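A quick write-up on the structure given underneath.
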Amino acid sequence: MNSLSKGHASWLEIDESADGQRIDNFLAKTLKGVPRSHVYRILRSGEVRVNSGRISAGYRLQKGDKVRVPPVRLPAAPGYRPSRGAPIGENPLYEDDWLLAIDKPAGVAVHGGSGISMGVIERLRDERPEQPFLELVHRLDRETSGVLLLAKRRSALTNVHAQLREGMVEKRYQALVLGNWTNKRQSVRLPLRKTLSAGGERRVLVDEEDGAVALTIFSLMGHYGGFSLLEAQLKTGRTHQIRVHLSHLGFPIAGDDKYGDFAANKQLEKNGLKRMFLHAVSLALKHPHSGDRLQIQAPLASELEQFLRSTNRQPG
């Protein structure tokens, strides 16, 4: 595609890397650093054209489309520069021509928005300007670390999304919870519903009548003082599924600032646990090109491993 010009409108011809992509997502990627609110503003105003015609934000691009992108000038705060931190994709867990898997650190959102200028996807695109296509396959909560998968081709993205819908992708997490979990293996099927609090905060709750089916299988890995280390296998991929299931059962995740035990969290922070103890330890799927089984693993984050070592493991 042609590069953007800062002084006047540019025309970009869509190739296979953007075929099928929504125009709003395409513009958000193309106009790096521009808030989505501004993207929607220029779409509504008709400044963005496809094949010389106006389109809506939901329009899906087709190979060969010609997109008019207007010049965008946004005032920047003096001295402002997005915080990127250390390169996030220089030591991938796995990479080939179709997929990229990284070990996402805790405290980093997977995408920008809501006051976050640079999430994982923006940082990776910034680090890899030569990569024509790079999209998140799935998401992790900001405070969750571990395996995060991205697609480097649209065909890979659609393939893995189909596997996710069909329950063919195996995702496993490790979580340290408050309390003495006794069952070696337990299936938890509790329907979940998204809601907004009075303050506009997104939350998820168990709702037997109107909730969407959510199934998690928990396996006990060991006891550590007043805590239990669990492996959680997701059978569905609902927002905050593991966190809400465990909290509802009376075993909140250590350090969970949304569904956890806030008094216990304060003490945990004094004892060295300054984040939620939830880690995406492995992801297994069929490779979208070869069809071979692919398993990607991320060792437990060092700060979580250190906290476990400082907590006495109990026998049995």
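Miscellaneous remarks
- Qualifying residues in the range 237-251 (those that are out of contact with any Lys or Arg (no Cβ under 8 Å at 6 or more places or on another chain) and touching a residue at least 60 places away in the same chain (Cβ under 8 Å)) - the one surrounded by the fewest Cβ atoms within 10 Å (Cβ to Cβ): Gly250
- Pairs where the first residue, in the range 91-103, is of a type in the set (Asp, Glu) and the second is modelled with pLDDT of 95 or more, C-beta under 6 Å, 6+ apart: Asp103/Leu93; Asp103/Ala298
- Residue within the range 281-298 that is over 18 Å from Val169 (Cβ atoms) and outside the structural domain of Val108 (by TED's automatic domain parsing) present: no
- Pairing each residue of the range 207-223 that is under 19 Å from Tyr173 (Cα atoms) with any residue that is modelled with pLDDT of 95 or more and aromatic (Phe, Trp, Tyr), provided the two are 6+ apart or on different chains, yields C-beta distances under 8 Å for Phe218/Trp181; Leu220/Trp181; His223/Trp181.
- In the range 257-283, the residues that are surrounded by 15 or more Cβ atoms within 10 Å (Cβ to Cβ) and among the aliphatic types (A, V, I, L, M): Ala264, Leu268, Leu273, Met276, Leu278, Ala280, Val281, Leu283
- Tabulated pairs, the range 138-153, first more than 15 Å from Leu283 (Cβ to Cβ), second assigned to a strand (DSSP E or B), C-beta under 7 angstrom, 6+ apart or interchain: Lys152/Leu99; Lys152/Leu100
- In the condition set (1) more than 25 Å from Val120 (Cα to Cα); (2) modelled with pLDDT of 90 or more; (3) part of a loop (DSSP other than H, G, I, E, B), Asp97 is compliant with all but (1).
- Tally of residues being within 23 Å of the chain's Cα centre (by Cα), among the hydroxyl-bearing types (Ser, Thr, Tyr) and either part of a strand (DSSP E or B) or surrounded by 14 or more Cβ atoms within 10 Å (Cβ to Cβ) (or both) across the range 185-216: 2
Here is a yes/no grid of residues against (1) buried (at least 19 other Cβ atoms within 10 Å of the Cβ); (2) of a type in the set (S, T, N, Q); (3) farther than 29 Å from Ser247 by Cα:
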residue: Glu130; (1), (2), (3): no, no, yes
residue: Phe133; (1), (2), (3): yes, no, yes
residue: Arg139; (1), (2), (3): no, no, no
residue: Gly146; (1), (2), (3): yes, no, no
residue: Ala151; (1), (2), (3): yes, no, yes
residue: Ala156; (1), (2), (3): yes, no, yes
residue: Gln163; (1), (2), (3): no, yes, no
residue: Tyr173; (1), (2), (3): yes, no, no
residue: Gly179; (1), (2), (3): no, no, no
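- Hits in the range 201-223 (condition: touching a helix residue (DSSP H, G or I) at 6+ places or on another chain (Cβ under 6 Å) and either within 30 Å of Thr311 (Cα to Cα) or not assigned by TED's automatic domain parsing to the domain that holds Val281 (or both)): Thr216
The values are calculated or read from the model by the stated rules, or taken from the named source; none is laboratory data. None of these values were measured; they are calculated from a predicted model. Note: ideal-geometry Cβ built from the backbone for every residue, glycine included; neighbour counts use all protein chains shown.
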